[in-house]
Amino acid sequence: MTVPIMQTYISILRGINVGGKKKIKMEELKAAYESLGFENIRTYIQTGNVIFDSSVPNESDINASIRNQLAAVFGFQISVLIRRMDGFQQIIKGNPFLDEQAVDPRALHVTFLSQAPSQTALAVIEPAADDGDQYRFSDSNEEVYLFCPDGYGRTRLSNSFFEKKLGVSATTRNWNTVNRLYEIAGTESSEY
């Protein structure tokens, strides 16, 4: 009999605890993940970042079970985007804006997509360079690297922009959060 291998996953929820809508306490969110049999569950800040271990090998199965459980517990639908820890490492290493001089890390963000967009959608999305804002896709096309020198709150490169243009769900985290999630995923502590 084969023993299941535990993998560390990072789940990123879209649109919770923003603007007073879809409020979820992190203790309740953690309990919802525990009820699914996940282990070593850690949350980071209030916007819905959960790191956990699971022996379920299929990310889409994990995603579906989390979405269904959150809907049952909290009474509303939540988009859930999942990446394995090793995938997060590639996201961090692959940021093309880090190679450019004078890029302030506070201006960097990553938009996570629920899946790689179709080639048709990628072909028609126009380059955006409003006020210096720029974006580039990851090698997998499942993430979009953003450079927003005047701040993410002022860019038109929002989640809604990418969702409308690409036909997939999207949620964005700043560069500090992306790096912190990877750091937390590498620990065994549940102090977060």
When you look at ARG106, is it more than 30 Å from VAL56 (Cα to Cα), in contact with a Pro (Cβ under 8 Å, 6 or more places away or on another chain) and surrounded by 13 or more Cβ atoms within 10 Å (Cβ to Cβ), yes or no? no
Those residues of the stretch 76-95 which are surrounded by 13 or more Cβ atoms within 10 Å (Cβ to Cβ) and part of a helix (DSSP H, G or I) amount to MET85, GLY87, PHE88, GLN89, GLN90, ILE91, ILE92
Among the residues of the stretch 137-192, write down those that are charged (D, E, K, R), more than 20 Å from PRO117 (Cβ to Cβ) and out of contact with any Cys (no Cβ under 8 Å at 6 or more places or on another chain). ASP150, ARG180, GLU183, GLU188, GLU191
Hey, can you tell me all the residues within the stretch 7-21 that are assigned to a loop (DSSP other than H, G, I, E, B) and either touching a strand residue (DSSP E or B) at 6+ places or on another chain (Cβ under 9 Å) or under 22 Å from ASN179 (Cα atoms) (or both)? GLY15, ILE16, ASN17
Only one of ILE45, ILE5, ILE91, ILE62 is on the phi > 0 side of the Ramachandran plot and of a type outside the set (Gly, Ala, Ser). Can you tell me which? ILE45
Would you pick out the residues in the stretch 85-113 that are within 23 Å of GLY37 (Cβ to Cβ) and touching a strand residue (DSSP E or B) at 6+ places or on another chain (Cβ under 6 Å)? MET85, PHE88
Is it the case that some residue within the stretch 35-54 is under 22 Å from SER160 (Cα atoms), modelled with pLDDT of 90 or more, out of contact with any His (no Cβ under 8 Å at 6 or more places or on another chain) and part of a helix (DSSP H, G or I)? no
Go through the stretch 59-75 and give me each residue that's surrounded by fewer than 14 Cβ atoms within 10 Å (Cβ to Cβ) and over 24 Å from GLU27 (Cβ atoms). SER60, ASP61
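The values are calculated or read from the model by the stated rules, or taken from the named source; none is laboratory data. The shown structure was predicted, so the numbers you read here are calculated from the model rather than taken from an experiment. Heads up, the Cβs are rebuilt from the backbone with ideal geometry, glycines too, and the neighbour counts pull from every protein chain shown.
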